[in-house]
1. Out of Asp113, Asp80, Asp99, Asp76, which single residue is among the charged types (D, E, K, R), assigned to a loop (DSSP other than H, G, I, E, B) and closer than 22 Å to Gly203 by Cβ?
2. Looking only at region 45-68, which residues are of a type outside the set (Lys, Arg) and assigned to a helix (DSSP H, G or I)?
3. Looking for something within 12 Å of ligand 2 (Cβ to nearest atom) and either out of contact with any Gly (no Cβ under 9 Å at 6 or more places or on another chain) or in contact (Cβ under 8 Å) with a residue 24 or more places away in the chain (or both) - is there at least one such residue anywhere in region 89-106?
4. Just wondering, is there one or more residues in region 26-34 that are modelled with pLDDT under 85 and among the basic types (Lys, Arg)?
5. Scanning region 105-142 for residues that are farther than 23 Å from Ile56 by Cα and modelled with pLDDT of 70 or more, which turns out farthest from ligand 1 (Cβ to nearest atom)?
6. Show the residue pairs meeting these rules: Cβ distance below 8 Å; 6+ apart or different chains; first residue within region 192-206 and farther than 17 Å from Phe141 by Cα; second residue of a type in the set (Lys, Arg) and in a loop (DSSP other than H, G, I, E, B).
Amino acid sequence: MKIFTKIVVLLVVVSNGLFAFSRRVDQMPNGRVFGCANCHINPAGGSSRNDFGKQIAAGFLQDGDLVWSPELAALDADGDGATNGEELQNPGGTWKIGDAAPGNIDLVTNPGDAASVPVNTRVKQPYPAWQPEEYMLGQNFPNPFNPTTNIEFTVRSQSRVTITVFNINGEPVKKIVDGYFQKGKYQVIFDGRDENGIMLSSGLYIYQMKTENIIQRRQMILLK
Ligand SMILES: [Ca+2]
Ligand SMILES: [Ca+2]
């Protein structure tokens with residue numbers, strides 16, 4: 001009976017591991033081309049991560065899920081001159097779970113392997129071009145930042161506006177704007193500190209603009 005129990009436990013552990021494998025692999029554009037080898041030195045997964053895997057683990061996992069984003073796509077994990085987004089055939093980082101994998105599967109390269117350099121000329125762009133005019137909350141700049149960064153926002157009609165920074169657990173760490181604004185374009189500087197003036201640690205943060213009519217969110221990376 002004891003042996004039977006151990007076997008059941010072992011099976012549960014193994015099946016959880018397999019689930020995690022396919023879940024995260026499927027959270028990356030064309031992730032099944034390289035599977036675990038996208039992030040791990042051992043192609044079967046587990047143990048040591050390659051440069052891309054280290055970057056993923058350092059700031060792009062939420063509750064064990066990979067958060068693919070324009071910020072992660074813009075970084076170059078293995079320093080070969082091609083961004084992660086170019087290597088994974090999604091240069092803008094626009095791909096989301098549930099979308100068809102973008103790009104040409106034949107052109108995907110392993111983003112953790114500095115010897116692999118992607119060819120971009122045939123990448124499909126399955127999403128409409130990004131229209132910055134549609135966003136009233138701008139992308140912070142510089143990004144990644146250390147320790148200060150600028151955030152632009154546009155108010156289309158007089159409104160109370162708040163902009164709040166959240167950590168990746170969804171906890172608010174700093175309200176950087178709270179007031180009534182006339183129609184116009186504004187800029188605020190975020191100093192990388194929380195409500196108590198304490199410098200935040202490196203990582204991914206979300207900032208959210210809220211008016212009477214809209215809520216918009218973007219991501220930014222504090223990199224020290
Ligand atoms: Ca690269
Ligand atoms: Ca590469």
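The values are calculated or read from the model by the stated rules, or taken from the named source; none is laboratory data. Since the structure is predicted, the reported quantities are computational estimates derived from the model, not experimental observations. Quick reminder, even Gly has a Cβ in these numbers, built from the backbone with ideal geometry, and neighbours come from all protein chains shown.
1. Asp76
2. In the first step, residues of region 45-68 are kept if they are of a type outside the set (Lys, Arg); the result is 45-48, 50-53, 55-68.
Within region 45-68, Asp51, Phe52, Gly53, Gln55, Ile56, Ala57, Ala58, Gly59 meet the criteria.
3. Filtering region 89-106 for residues within 12 Å of ligand 2 (Cβ to nearest atom) gives none.
No, every residue in region 89-106 fails to be within 12 Å of ligand 2 (Cβ to nearest atom) and either out of contact with any Gly (no Cβ under 9 Å at 6 or more places or on another chain) or in contact (Cβ under 8 Å) with a residue 24 or more places away in the chain (or both).
4. Start the filter on region 26-34 by keeping residues that are modelled with pLDDT under 85, which leaves 26-34.
Filter again for among the basic types (Lys, Arg), leaving 32.
Yes, because at least one residue in region 26-34 is modelled with pLDDT under 85 and among the basic types (Lys, Arg).
5. Per the stated criteria, the residue is Met136.
6. Within 8 Å, the pairs are Ser201/Lys224.
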